[in-house]
1. Counting only Cα atoms, I'd like the Rg/Rh figure for the chain, Kirkwood definition for Rh.
2. Between Gly193, Gly126, Gly89, find the one with the highest GNM mean-square fluctuation for the chain; connect C-alpha pairs within less than 10 Å.
3. Using a cut-off of 12 Å between beta-carbons, work out the net charge of the residues near Thr37 (Lys and Arg +1, Asp and Glu -1, Thr37 not included).
4. If the limit is 26 Å between Cα atoms, which of Lys47/Lys183; Lys136/Lys202; Lys88/Lys136; Lys104/Lys182; Lys44/Lys112 go over it?
5. Is the shape of the stretch 69-204 best called rounded, prolate or oblate, per the rule: a/c under 1.5 gives rounded, else a/b larger than b/c gives prolate, else oblate, with a ≥ b ≥ c the square roots of the Cα gyration tensor eigenvalues?
6. Let me check I've understood the local charge: for Glu55, count other residues with C-beta under 12 angstrom from its C-beta, Lys and Arg +1, Asp and Glu -1. What total comes out?
7. Counting only helical runs of four or more DSSP H residues, what would the 222 nm mean residue ellipticity of the chain come to if each run contributes -39,500 (n - 2.57) and the total is spread over all its residues?
8. So which trypsin sites (Lys or Arg not before Pro) in the stretch 85-133 end up in coil per DSSP with only 16 or fewer other C-beta atoms within 10 Å?
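Nothing in this text is a laboratory measurement; each read-out follows from the coordinates by a stated rule. Small disclaimer: the values here were computed from a predicted structure and weren't measured. When we count neighbours, we look across all protein chains shown, and the Cβ atoms used for this are built from the backbone with ideal geometry, even at glycine.
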Amino acid sequence: MRIPYRLKCIDCKKEHLVFADLNAESIEFRCCERSQTIPPYPIKGIKILERAVFEYNETKDYPLSIVFSAAAFECELADLHHRWLWIKGLWTKQIPTDEELDKKLRKHSDIKSRIEAVARLMGHTGIDEFVKSDSKLTEIVKNGFPSIKIGTVARDFQTNLFWPRNRILHVGYTGYTSDDAKKCINIAQLGIGFVQAMNDAKAKENQDPSAKAGPVTAITPAQLQQPA
């Protein structure tokens, strides 16, 4: 998967659109007769979400933007699920293989149960409990996301983000509009912010600074407005 980066030359300030592999360790481009290198975005889900934003802004392929939005959130869920089970394996000296981690994740057959499973892995009874415990997160949901209700957060992510994705992939529906795509991008951003906030709290609890990715407020895809 290729991820778009908009980069400015440090000399002439010209902007370049550069595509790099999802797992690239550095992003390189050439301008003013020299190579310039920057680090990639640190969070996989945000990298994929930037591809959703690119499809929204540049190609106007709104169904594809929705597919990438859902993929971004699902990737972040899987990444944190695998990371914390692997860390648990370090403690118990029974480190799981990638295949074992994937098998555990597949036991949660739908996205709603996966969201709740990751929340429990982080030490919460569910994602609703976590959101309720943080006044800032509660305010974000109430003021900016009318389609997400506290009390049914996981179900609402499934309904508003993954069901549109499924309709595109399963039956080839292409009628989604720019407003639909913008809504899905913002909901995916919210979901990634939630699970990263849980990750930060878990890292702090375990005094593991290497697992900390940053606060929800730092997660901002390029040039998007709050959803209607």
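1. Numbers: Rg = 18.3 Å, Rh = 18.6 Å.
Across the chain, the Cα-based Rg/Rh ratio is 0.98.
2. Comparing Gly193, Gly126, Gly89 in a Gaussian network model of the chain, the most mobile one is Gly89.
3. Working: positive: Arg30, Arg34; negative: Glu25, Glu28.
The answer is 0.
4. On the way: Lys47/Lys183 18 Å; Lys136/Lys202 18 Å; Lys88/Lys136 29 Å; Lys104/Lys182 32 Å; Lys44/Lys112 20 Å.
Result: Lys88/Lys136; Lys104/Lys182 exceed 26 Å.
5. Values: a/c = 2.44, a/b = 1.34, b/c = 1.82.
Oblate, because a/c is 1.5 or more while a/b does not exceed b/c.
6. On the way: positive: Arg2, Arg51, Lys60, Lys182; negative: Glu50, Glu58, Asp61.
After counting each charged neighbour, the total is +1.
7. Values: 9 runs with 120 residues, N = 228.
Taking each H run of at least 4 residues, the total per residue is -17000 deg cm²/dmol.
8. On the way: sites: Lys88, Lys93, Lys103, Lys104, Arg106, Lys107, Lys112, Arg114, Arg120, Lys132; in loops: Lys93, Lys107.
Answer by residue number: Lys93, Lys107.
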